[in-house]
Amino acid sequence: MSDLYYPINDFGPLMKGLAIGGLGIVHVFLAQFAIGGGMLMCYFQWLAQSQGNQLARQFTDGFFKFIVLVSFVVGAITGVGMWFISIQVSPRTIGLMVHYFHWLWAIEYTFFFLEIVSGYLFYRYGPRLPDAARMTLLVAYSIAAWFSLFWINGILSWQLTPGRWHETHNVWDGFFNPSFWPSLLFRTITSMTIAALVACLVANVLPRLERRQREELEHRAARFLAPMVLMPVLAVWYFLAIPHVSRSWVLGGSAAMSLFFAVGTGASLLVGSYAIFGLLRQQLYINWATALLLVSLAFAATAGGEFVREGVRKPYTIRRLLYSNSVSRDEVARLRERGCTTDDPFPLQDADRYPTPQLAKGAHVFRNLCSVCHTLDGANGLVHLTGTWSDEQLRLNISKLQLTKPFMPPFAGNAEEVEAIVQWLKWNANGRPAAWDASIDLAALASIDRWLEEAGTQPGLGVLSKDGS
């Protein structure tokens with residue numbers, strides 16, 4: 001089990017999932033803008049090249065500078081930040097993804113490199129190049145950006161829908177998984193939508209443009225919103241492709257998932273309705289404030305969708321392979337015997353502040369099994385979540401964790417560790433007094449052992465799929 005333990009960093013009152021989720025939403029939004037922006041620039045360059053539309057050429061140069069500034073700079077920073085935070089929060093998950101898909105990730109990097117090079121060349125030399133050379137660079141940029149999405153999409157969708165990969169361990173079975181195509185097509189249309197909305201915003205802030213010119217640019221960009229009519233079909237396709245238990249979280253099994261699903265769906269419907277009926281059918285002119293509102297709604301839709309995509313994997317980070325606390329399914333039974341703290345080589349920070357070794361062990365259990373999704377008394381804090389539970393309820397609910405909350409993994413420790421975290425939670429809830437008696441209740445340990453045995457080491461009944469997985 002040498003690969004089970006990694007150094008774990010504390011984010012204080014900020015839940016680790018919020019840290020990685022918040023940065024991830026910004027990065028995904030910017031990345032999709034860059035992908036759709038490349039396609040949109042190819043369209044405007046075609047207008048300039050085939051119809052001699054100088055306004056389209058002028059807009060292409062101005063909009064691409066905006067893409068470079070926002071996507072290349074901020075997107076690159078958030079991309080590096082995603083890697084940094086991911087290996088702080090869930091290094092084992094990232095390690096397995098790299099292990100199984102390292103060559104595909106290397107291929108994605110080559111397309112990302114081509115995207116950066118072609119984009120920089122257009123930014124640096126585009127205004128001085130002939131139309132054919134400009135189009136070549138823009139097409140190269142657009143293709144490279146989309147194929148970067150293609151490869152990343154396969155790896156990310158594998159986490160939720162591994163498909164036949166569990167039986168074959170074939171990289172292509174994992175990559176072309178059941179949710180690959182609906183996810184890829186949905187993200188492609190989302191990218192086009194974001195680019196079109198941002199283009200309407202940029203058209204309003206570019207200097208020295210008359211209203212007539214802004215209106216023409218908006219009507220041209222709005223054509224990229226037409227594929228939004230396919231989004232409901234793709235959403236249903238994706239919804240049917242994911243495991244039935246993941247659908248259940250969205251449909252009321254998890255209040256948070258249902259809420260964010262409603263936010264994402266509602267924002268998408270508002271953007272789509274205005275795009276189809278306002279911008280395309282009635283060809284309305286929108287000012288910068290309306291454009292900014294639409295971009296904000298698109299961001300809200302992205303945030304809701306990404307939160308749900310991550311959340312519906314529970315209790316896994318990689319379905320049927322790795323739980324959200326980085327314990328694999330096969331390791332739970334061994335940790336029930338051995339304990340989750342016994343072989344951990346990393347010392348507990350500030351261990352001397354705990355009045356008893358039992359409390360220190362409880363903090364150790366929290367760090368190993370709980371801290372990735374919970375804080376102590378901050379966001380999703382355990383003190384608040386368990387504040388009304390009696391001692392007996394704490395022991396029972398933690399022992400039968402996957403039955404208490406089906407989106408939680410089974411408790412991967414022994415009876416002594418259950419009692420240790422129970423005492424640690426009580427100590428924190430009581431203000432962390434300097435003196436605290438250790439619990440040596442043998443009857444309580446016997447009950448915990450029985451409850452652990454009754455719960456078993458498999459996922460809760462609420463997360464079992466039709467094939468028992």
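The values are calculated or read from the model by the stated rules, or taken from the named source; none is laboratory data. Quick caveat, the model's predicted, so the values are computed rather than measured. Please note: Cβ atoms are built from the backbone with ideal geometry, for glycine as well, and neighbour counts cover all protein chains shown.
Counting just the residues of the stretch 219-236 that are surrounded by fewer than 19 Cβ atoms within 10 Å (Cβ to Cβ) and either among the charged types (D, E, K, R) or free of Cβ contacts under 8 Å to residues at least 24 places away in the same chain (or both), which one comes out nearest to A267 (Cα to Cα)? This residue is P232.
Figure legend. Inter-residue proximity from the stretch 148-170: first residues assigned by TED's automatic domain parsing to the domain that holds P315, second residues among the hydroxyl-bearing types (S, T, Y) and surrounded by 20 or more Cβ atoms within 10 Å (Cβ to Cβ), beta-carbon distance below 7 Å, spacing 6+ or different chains. Indicated pairs: N153/S183; S157/S179; S157/S183; Q159/T317; L160/S179; L160/S246; T161/S179.
Residue-level analysis places S258 outside the set of residues that are buried (at least 16 other Cβ atoms within 10 Å of the Cβ), within 21 Å of the chain's Cα centre (by Cα) and outside any loop (DSSP other than H, G, I, E, B). Please verify whether Y125 is surrounded by fewer than 18 Cβ atoms within 10 Å (Cβ to Cβ), in a helix (DSSP H, G or I) and either in contact with an Asp or Glu (Cβ under 9 Å, 6 or more places away or on another chain) or not hydrophobic (A, V, I, L, M, F, W, C) (or both), treating the condition exactly as stated. Considered against the rule, which asks whether it is surrounded by fewer than 18 Cβ atoms within 10 Å (Cβ to Cβ), in a helix (DSSP H, G or I) and either in contact with an Asp or Glu (Cβ under 9 Å, 6 or more places away or on another chain) or not hydrophobic (A, V, I, L, M, F, W, C) (or both), Y125 comes out as yes.
Can you find even one residue in the stretch 363-376 that is over 19 Å from Q88 (Cα atoms) and in contact (Cβ under 8 Å) with a residue 12 or more places away in the chain? No, every residue in the stretch 363-376 fails to be over 19 Å from Q88 (Cα atoms) and in contact (Cβ under 8 Å) with a residue 12 or more places away in the chain. Among the residues of the stretch 339-353, those that are loosely packed, with under 13 Cβ neighbours inside 10 Å, under 31 Å from the mean Cα position of the chain (by Cα) and within 13 Å of A363 (Cβ to Cβ) comprise F346, P347, Q349. Remark: pairs (first residue in the stretch 309-328, farther than 16 Å from I20 by Cβ; second residue of a type in the set (A, V, I, L, M, F, W, C) and assigned to a loop (DSSP other than H, G, I, E, B); Cβ separation under 6 Å; 6+ apart in sequence or on different chains) = P315/F407; P315/M408; V327/A412. Among the residues in the stretch 390-408, are any more than 29 Å from G163 (Cβ to Cβ), of a type in the set (F, W, Y), at pLDDT below 95 and not assigned by TED's automatic domain parsing to the domain that holds L160? No; the residues of the stretch 390-408 include none that is more than 29 Å from G163 (Cβ to Cβ), of a type in the set (F, W, Y), at pLDDT below 95 and not assigned by TED's automatic domain parsing to the domain that holds L160.
Scan L40, L4, L30, L18 and give me the residue that is under 30 Å from L369 (Cα atoms) and either buried (at least 18 other Cβ atoms within 10 Å of the Cβ) or touching a strand residue (DSSP E or B) at 6+ places or on another chain (Cβ under 9 Å) (or both). So that I can check it myself, show each step before the final result.
Working: L40 fails: under 30 Å from L369 (Cα atoms); L30 fails: under 30 Å from L369 (Cα atoms); L18 fails: either buried (at least 18 other Cβ atoms within 10 Å of the Cβ) or touching a strand residue (DSSP E or B) at 6+ places or on another chain (Cβ under 9 Å) (or both).
On inspection, the qualifying residue turns out to be L4.
Beta carbons closer than 7 Å, at least 6 apart along the sequence or on distinct chains, pair a first residue in the stretch 237-259 that is more than 17 Å from G460 (Cβ to Cβ) with a second that is of a type in the set (V, I, T) for A241/T161; I242/T161; I242/V312; V250/V308; V250/V312; S258/V250.
Scanning the stretch 209-218 for residues that are within 33 Å of the chain's Cα centre (by Cα) and surrounded by fewer than 16 Cβ atoms within 10 Å (Cβ to Cβ) yields a count of 0.
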